[in-house]
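Report on the structure given below.
The values are calculated or read from the model by the stated rules, or taken from the named source; none is laboratory data. As the structure is a computational prediction, the values presented were derived from the model and not from experiment. All Cβ positions, glycine included, derive from the backbone under ideal geometry; neighbour counts span all protein chains shown. Ligands, DNA and RNA are stripped out before the accessible areas are found, and what is left, the full protein with its side chains, is counted by its heavy atoms. Shrake-Rupley method; radii C 1.70, N 1.55, O 1.52, S 1.80 Å.
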Amino acid sequence: MTYKTSLLTYVLISVHFGVHSQECERLVSLPASQPILRYDFDYSEEGTVQLLNPNINPIFQVSCFSRTCSSADYLNCSLASTGNIATGKIYIQLDSFSNGQQGTYTFMAPGGAKVLKCITLYLIGTPNYPGISANRVPHTGQTVTLTCQCISTTDPSGHGLAMTFAWTKDGVTLTSGGRFTLLAHTPAALTITNVQRNDELSQFTCTASEEMGLTSNSSAAFKISIYYGPDSIAFNRTSVTQILDEGDRFFPVECLADCKPSCTFRWTKGQIPVSNSAVLDLGIAGSDDLGQYTCTSEHSNYTTFTGTKNYSVILIHGPDKVPLSPPSTTYTEMESAILANISCSAVCYPECFYTWSKVGTAGTVQNNAVLSLGQLTWQKSGSYICSATNPRTSSTRNGPTVIVEVQYSARRIPGEEVQLIFNTRKHNNATLVYKIVAYPVPKPSQFVWKRCMNISSCEPLPPDLDKFEIDTEGLSSNLSILDVQNEDYRIYQLSVSNGVGDALVEWLHLRPIELPDSPTVFHVIQNTIKQTTAVVTWITGFDGGSPQTFHLSYRKLVGDTGFTTATVQHDDKKVLNYTIEHLEPGTKYFVSLFAANEEGSTASINVTFQTLKTISDHTETSPNIGPVIGGSIGGTIGAIMAIVVVVVIVKRKYSLNCICFRTKKSADPAEQSVSGRHNPGCNIVQSYEELPMTIQTSDYDALKKGDNGPNSSHVYTTLDESSSKAPVNYGNATKGEPVYNNTVQQNPVQTVL
């Protein structure tokens with residue numbers, strides 16, 4: 001509270017009895033005190049001096065003559081202890097100062113002819129009750145100024161006494177600093193910056209005081225009224241999201257806020273007004289209601305103070321469409337190029353999951369939204385589709401088909417057997433078939449057929465329309481040879497190029513149907529020999545261009561018993577096994593094997609073995625006795641056969657001609673011999689042993705059916721007139737590895753075991 005006082009000096013002009021005015025001395029005194037009115041009189045002058053009270057009544061008088069002042073007259077006053085009438089120190093002390101005595105006292109010459117001195121005596125009073133006011137009702141964060149107003153009761157007015165003020169907050173004295181400022185020239189004003197809500201709970205007190213250290217007993221307390229809000233914006237629901245299926249009833253949502261005195265509300269969706277009240281009600285939910293809504297709360301007095309809170313309305317939806325990034329749908333790249341990632345996306349709720357699949361293949365390529373093919377190979381060519389699926393509704397939508405075209409040179413079809421040998425009879429038609437993979441697809445003119453004497457001597461096909469027909473479509477080309485003659489049995493070259501990389505060159509062989517190759521490495525698996533069973537095994541040979549079967553027969557080695565026969569069909573396996581059953585324990589057996597097709601049969605190959613004995617007593621017998629005995633017998637027979645082989649080699653110098661003599665057929669195959677290649681009874685006795693020898697694989701082996709070798713030229717050798725006419729042995733042994741050798745007995749004399 002501010003007292004209405006001023007530091008200006010008031011000049012009191014008193015005019016008495018027409019004398020000249022002069023400035024009066026001011027004297028302030030408390031009630032019930034004895035103020036002293038002082039006047040120093042020049043007692044060299046003669047005359048009478050009177051002291052007149054404010055009512056112009058004399059309360060003191062003294063007469064001075066010849067430099068001597070006589071005793072004075074006093075009314076309700078006395079000479080102060082510091083006064084001395086004789087020396088002119090006229091110091092008059094009022095007996096008791098009280099209300100009614102304040103005013104201007106005047107020292108006058110007799111008769112009021114002259115004012116010697118005037119003194120205004122003020123009766124200091126208690127300032128009236130202070131009043132505190134604020135310049136505004138502030139909002140939190142703003143500034144407010146409190147003013148303390150107080151009026152002095154000191155009488156008479158115009159005393160010019162300054163009023164001082166003190167401020168406290170909850171009893172603690174405030175000084176300038178921080179959020180509080182006491183103005184230097186207006187201490188009655190207290191400025192509070194950055195008003196807080198808790199300032200409203202505090203009590204601010206102003207205490208006023210006048211000059212001379214005389215403090216009023218009056219003070220004023222004040223509490224600030226503060227506006228605030230919108231604070232703590234919330235909804236009448238705990239969740240800020242409402243999830244609905246299209247067609248569901250929307251549950252109304254009310255927006256709440258802490259405001260003083262009040263706040264207004266409005267709802268918007270983006271920049272579009274939705275509601276001018278605190279309640280959002282969408283009714284029946286539709287696809288247009290999907291989105292985020294904003295409640296804005298605004299203070300009713302201070303509209304610059306606002307607050308917002310978002311509320312989401314989510315509809316179970318999507319996917320509607322599945323765009324790609326980048327949006328391209330066709331990519332044509334060279335093999336080994338790096339293809340950048342391709343992403344798909346969709347607007348879904350809940351979030352869709354994504355899969356990438358390749359058209360024409362089972363399963364998925366990628367179980368996420370990114371198709372990452374990386375370095376391209378020809379197998380990665382194809383059409384890819386991204387599928388987005390809503391996990392809530394199982395609704396699925398496919399994105400655009402992405403076509404990846406990888407350019408690569410012509411090559412064999414991976415994983416498929418390549419037939420390079422074709423067999424046919426004379427005067428029949430033969431068709432050489434070859435399929436590739438390549439992109440771009442070669443033109444028919446880029447499939448070039450030639451016929452060759454060998455792989456280094458090839459020539460274009462003669463333009464004989466009655467001899468050759470070429471049918472090329474897509475990735476397949478067929479060469480048909482009509483009415484096959486002897487000169488048509490040869491090598492044919494196919495060259496394919498599509499302008500990417502190197503051309504693919506293959507050699508295909510046309511040859512007549514012939515006897516199959518003899519099976520090799522025929523033996524009994526030692527650890528399978530039991531008392532009544534044993535397993536024999538062999539490696540199959542080339543079938544001669546016609547389906548082959550294997551004929552197996554066995555009997556006891558000693559005794560007049562007949563053969564038991566079995567036929568095993570060739571199922572394209574390299575190694576075949578057959579279990580011989582119903583054998584007698586501890587008995588030696590003779591086993592014979594030959595292959596046959598429609599052209600005839602091969603020579604037989606033989607092996608012997610002994611079954612395990614039956615343990616009929618409690619004598620402990622070594623479990624290895626059977627194999628030991630069998631091994632001993634086999635070793636002995638092997639030694640004998642080795643000697644025979646050496647003799648044959650010396651006499652025949654490795655001749656491979658099979659000489660058979662027609663003999664009378666008997667029940668014992670070991671005693672049979674046949675002349676002629678087409679007689680399946682040509683079962684020449686053969687010996688079997690295990691020899692560490694090296695087989696030089698024929699260059700012609702690469703032409704066998706099922707060759708999946710590398711994309712390179714194949715080298716073949718041709719048989720000259722000095723070569724043996726026996727069927728070529730297509731073994732699978734690796735150079736330098738030991739193999740089982742089935743040596744054909746070349747001596748025309750039959751050997752009986």
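Some values worked out for this structure:
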read-out	value
Filtered residues of the stretch 85-110 (kept if open to solvent by less than 50 Å² (accessible area, probe 1.4 Å) and free of Cβ contacts under 8 Å to residues at least 24 places away in the same chain)	Ile85
Tally, over the stretch 393-431, of residues that are closer than 16 Å to Leu479 by Cβ and open to solvent by 80 Å² or more (accessible area, probe 1.4 Å)	1
Residue list for the stretch 367-386, filter: open to solvent by less than 40 Å² (accessible area, probe 1.4 Å) and either of a type in the set (Asp, Glu) or within 19 Å of the chain's Cα centre (by Cα) (or both)	Ala369, Leu371, Leu373, Gly374, Cys386
Among residues of the stretch 489-508, those that are open to solvent by less than 40 Å² (accessible area, probe 1.4 Å) and of a type in the set (Lys, Arg), counted	0
From Thr145, Thr120, Thr126, Thr68, residue being in contact with a Pro (Cβ under 9 Å, 6 or more places away or on another chain) and touching a residue at least 24 places away in the same chain (Cβ under 8 Å)	Thr120
Top-ranked residue of the stretch 219-237 - restricted to ones that are modelled with pLDDT under 90 and surrounded by fewer than 16 Cβ atoms within 10 Å (Cβ to Cβ), ranked as farthest from Thr126 (Cα to Cα)	Arg237
Positions within the stretch 460-480 being in a loop (DSSP other than H, G, I, E, B), open to solvent by 90 Å² or more (accessible area, probe 1.4 Å) and either among the charged types (D, E, K, R) or under 13 Å from Gln446 (Cα atoms) (or both), in sequence order	Asp466
Considering residues of the stretch 65-78 that are more than 28 Å from Ser157 (Cβ to Cβ) and open to solvent by 60 Å² or more (accessible area, probe 1.4 Å) only, the residue modelled with the highest pLDDT	Tyr74
Looking only at the stretch 111-136, and only at residues there that are open to solvent by less than 50 Å² (accessible area, probe 1.4 Å) and not in a strand (DSSP E or B), the one that is nearest to Ile226 (Cα to Cα)	Pro130
Selected residue (criterion: nearest to the chain's Cα centre (by Cα)) from residues of the stretch 27-42 that are surrounded by fewer than 17 Cβ atoms within 10 Å (Cβ to Cβ) and not aliphatic (A, V, I, L, M)	Pro31
From Ala596, Ala566, Ala603, residue being surrounded by fewer than 16 Cβ atoms within 10 Å (Cβ to Cβ), on the phi < 0 side of the Ramachandran plot and of a type in the set (A, V, I, L, M)	Ala566
Among the candidates Thr241, Thr306, residue that is of a type in the set (Val, Ile, Thr) and over 30 Å from Ser387 (Cβ atoms)	Thr306
Subset of the stretch 222-262 (residues that are free of Cβ contacts under 8 Å to residues at least 40 places away in the same chain and among the aliphatic types (A, V, I, L, M))	Leu256
Criterion violated by Ser601 - all others in (1) in contact with a strand residue (DSSP E or B) (Cβ under 8 Å, 6 or more places away or on another chain); (2) within 24 Å of Ile539 (Cβ to Cβ); (3) at pLDDT below 90; (4) not hydrophobic (A, V, I, L, M, F, W, C) satisfied	(3)
Residue check for Asp560: open to solvent by 50 Å² or more (accessible area, probe 1.4 Å), free of Cβ contacts under 8 Å to residues at least 40 places away in the same chain and more than 60 Å from the chain's Cα centre (by Cα)	yes
Qualifying positions in the stretch 348-363 - out of contact with any Lys or Arg (no Cβ under 8 Å at 6 or more places or on another chain) and surrounded by 14 or more Cβ atoms within 10 Å (Cβ to Cβ)	Cys348, Cys352, Phe353, Tyr354, Thr355, Trp356, Ser357, Lys358
Where a residue in the stretch 357-372 is within 16 Å of Pro400 (Cα to Cα) and its partner, wherever it lies, is at pLDDT below 95 and among the polar types (S, T, N, Q), with Cβ under 6 Å and at least six apart	Ser357/Thr364
Cys452 being part of a strand (DSSP E or B) and open to solvent by 30 Å² or more (accessible area, probe 1.4 Å)	no
Verdict on Phe17 being modelled with pLDDT under 80, touching a Gly at 6+ places or on another chain (Cβ under 6 Å) and open to solvent by 30 Å² or more (accessible area, probe 1.4 Å)	yes
Unmet requirement for Ile525, which otherwise passes all of (1) more than 30 Å from Glu335 (Cβ to Cβ); (2) in contact with a Phe, Trp or Tyr (Cβ under 8 Å, 6 or more places away or on another chain); (3) modelled with pLDDT of 95 or more	(2)
Selected residue (criterion: nearest to Arg266 (Cα to Cα)) from residues of the stretch 326-347 that are without any contact (Cβ under 8 Å) to a residue 60 or more places away in the chain, open to solvent by less than 60 Å² (accessible area, probe 1.4 Å) and not in a loop (DSSP other than H, G, I, E, B)	Cys344
Residue within the stretch 434-444 that is among the hydrophobic types (A, V, I, L, M, F, W, C) and within 30 Å of Asn597 (Cα to Cα) present	no
Any chance Gln61 is in contact with a Pro (Cβ under 9 Å, 6 or more places away or on another chain), open to solvent by 40 Å² or more (accessible area, probe 1.4 Å) and either part of a loop (DSSP other than H, G, I, E, B) or touching a residue at least 40 places away in the same chain (Cβ under 8 Å) (or both)	no
First in the stretch 163-176 and in contact (Cβ under 8 Å) with a residue 60 or more places away in the chain, second anywhere and assigned to a loop (DSSP other than H, G, I, E, B) and not polar (S, T, N, Q), Cβ under 6 Å, 6 or more apart	Phe165/Pro187; Phe165/Ala188
